[in-house]
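A short worksheet on the structure shown next.
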Amino acid sequence: MYEGRPVDMQMERMILDEGFFDQTIYQCEIITYKPEEERIYLLSKRTELPVFSLDGIYRCTIAAEEGLVECSGSITERYWNKLGRVMVFRLKNGFYKKVVN
C-alpha cells in the first residue's frame, strides 16, 4: 500500500521528562506496512539510528498517491540489516489526511 513511499519523521513530544526533544525533520522510506500489526517498517536514508528516540512520539507524514497522509506513534525497534538502517514504527490512532492551508 505505502511501500517505497517517502516519509518525513518529526518528533511531536517526549515521554520522559528529562529526554531530548528534537525538532528536526528526518527523511525515510517505507519498506513495508503491516496493517494487522499496526506497524510501519522504515528505512532511514542518511540519519544514524541512535538519533531516533525510543522515548518519543513521532508524526509520520507519508507522500501517498492521494496526497499527504499523517499518523503518529512511537519507534519500538531500531536495527541494521542488509537493507540498511531499519526502524519499526508503531501506529497510534491510525492515518488521517493532512489538510493544506
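The values are calculated or read from the model by the stated rules, or taken from the named source; none is laboratory data. Note that the coordinates shown come from a computational prediction; the quantities given were computed from them, not determined experimentally. Note: ideal-geometry Cβ built from the backbone for every residue, glycine included; neighbour counts use all protein chains shown. The protein model used for the area step is the full one, side chains on, heavy atoms only, and it has no ligands, DNA or RNA in it. Shrake-Rupley method; radii C 1.70, N 1.55, O 1.52, S 1.80 Å.
Name the residues in the range 54-73 that are closer than 29 Å to Glu18 by Cβ and either free of Cβ contacts under 8 Å to residues at least 40 places away in the same chain or basic (Lys, Arg) (or both), would you? Explain how you work it out, then say what you get.
First, pick out the residues of the range 54-73 that are closer than 29 Å to Glu18 by Cβ: 54-61, 70-73.
Result: Leu54, Arg59, Glu70, Cys71, Gly73.
Which pairs have Cβ atoms under 8 Å, sit 6 or more apart or on different chains, and link a residue in the range 40-53 that is within 16 Å of Lys82 (Cα to Cα) to one that is assigned to a loop (DSSP other than H, G, I, E, B) and open to solvent by 20 Å² or more (accessible area, probe 1.4 Å)?
Leu43/Leu83
Tell me, which residue of the range 52-63 that is crowded, with 16+ Cβ neighbours inside 10 Å and part of a strand (DSSP E or B) is nearest to the chain's Cα centre (by Cα)?
Going through the range 52-63, the residues crowded, with 16+ Cβ neighbours inside 10 Å turn out to be 52-53, 56, 58-62.
Among the residues that remain, those that are also part of a strand (DSSP E or B) are: 56, 58-62.
On the way: Gly56: 11, Tyr58: 6, Arg59: 7, Cys60: 5, Thr61: 8, Ile62: 9 Å.
The residue in question is Cys60.
Quick one: would you say Lys82 is among the basic types (Lys, Arg) and under 17 Å from Pro6 (Cα atoms)?
On the way: among the basic types (Lys, Arg): yes; under 17 Å from Pro6 (Cα atoms): no.
It is false that Lys82 is among the basic types (Lys, Arg) and under 17 Å from Pro6 (Cα atoms).
Can you report the number of residues in the range 37-95 which are polar (S, T, N, Q) and touching a Phe, Trp or Tyr at 6+ places or on another chain (Cβ under 9 Å)?
6
Identify the residue in the range 70-86 that is among the hydrophobic types (A, V, I, L, M, F, W, C), part of a strand (DSSP E or B) and more than 16 Å from Glu12 (Cβ to Cβ) and, among all such residues, is least open to solvent (accessible area, probe 1.4 Å).
Filtering the range 70-86 for residues among the hydrophobic types (A, V, I, L, M, F, W, C) gives 71, 75, 80, 83, 86.
Still in the running and part of a strand (DSSP E or B): 71, 75, 80, 86.
Now drop any that are not more than 16 Å from Glu12 (Cβ to Cβ), which leaves 80, 86.
Working: Trp80: 156, Val86: 2 Å².
Top of the filtered list is Val86.
Go through the range 15-51 residue by residue and tally those that are open to solvent by 80 Å² or more (accessible area, probe 1.4 Å) and in a strand (DSSP E or B).
1
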